[in-house]
Amino acid sequence: MKEALSTPAAPAAIGPYSQGIRAGNLVFTSGQIPLDPATGLIPQGIEAQTRQAMENVLAVLAQVGATAENIVKTTVFLRNMDDFAAMNGVYATFFSGPAPARSAVQVARLPKDCPLEIEAVAVL
């Protein structure tokens, strides 16, 4: 059985998908772009954009009481791999203890022409 997750604290889904899905003790977030759900704006700079995307991921996870500590896997989609080091510096601040497994890939284009998108898998 699966449960769709939805929160106004993360950008609304703009297509036929859920912000997140809980399936048993697993939670899967859809990719979160760095869109501020309160303003509808994308902050300037990869550091602020990484922070906003991670905050959006955490807002979805919060719907089931999960935090960054519950994340076991992330995927980071970057428009430009030259942003990797700056993204990585901010990304690291969200985790203490063992960091989750992660993939980071360069892609040609992302929704709203964002420079990155982050998705996560968490265990409850």
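The values are calculated or read from the model by the stated rules, or taken from the named source; none is laboratory data. Remember, predicted model here, so these are calculated numbers, not experimental data. All Cβ positions, even for glycine, are placed from backbone atoms using ideal geometry, and neighbour counts span all protein chains on display. SASA here: full protein model, heavy atoms, side chains in, ligands and nucleic acids out. Shrake-Rupley method; radii C 1.70, N 1.55, O 1.52, S 1.80 Å.
List of remarks:
- Set side by side, the residues Ile33, Ile42 differ, and just one is touching an Asp or Glu at 6+ places or on another chain (Cβ under 7 Å), of a type outside the set (Gly, Ala, Ser) and at pLDDT 95 or above, which is Ile33.
- Pick from the range 47-66, criterion touching a Leu at 6+ places or on another chain (Cβ under 7 Å) and of a type in the set (A, V, I, L, M, F, W, C), ranking: nearest to Met87 (Cα to Cα): Ala53
- Any hit, the range 55-74, residues being open to solvent by less than 20 Å² (accessible area, probe 1.4 Å) and farther than 23 Å from Lys2 by Cα: no
- Condition check for Leu124: under 11 Å from the mean Cα position of the chain (by Cα), open to solvent by 20 Å² or more (accessible area, probe 1.4 Å), hydrophobic (A, V, I, L, M, F, W, C) and under 21 Å from Ala9 (Cβ atoms): no
- Residue among Ala85, Ala99, Ala12, Ala66 that is free of Cβ contacts under 8 Å to residues at least 24 places away in the same chain, of a type in the set (Gly, Ala, Ser), out of contact with any Pro (no Cβ under 7 Å at 6 or more places or on another chain) and not in a helix (DSSP H, G or I): Ala99
- Candidates Thr7, Thr50 - the one that is in contact with a helix residue (DSSP H, G or I) (Cβ under 9 Å, 6 or more places away or on another chain), outside any loop (DSSP other than H, G, I, E, B), hydroxyl-bearing (Ser, Thr, Tyr) and at pLDDT 95 or above: Thr50
- Residue list for the range 15-32, restricted to those being part of a strand (DSSP E or B) and either basic (Lys, Arg) or open to solvent by 50 Å² or more (accessible area, probe 1.4 Å) (or both): Arg22, Leu26, Phe28
- The range 92-115, residues that are over 15 Å from Thr50 (Cα atoms) and aliphatic (A, V, I, L, M): Ala99, Ala101, Val107, Ala108
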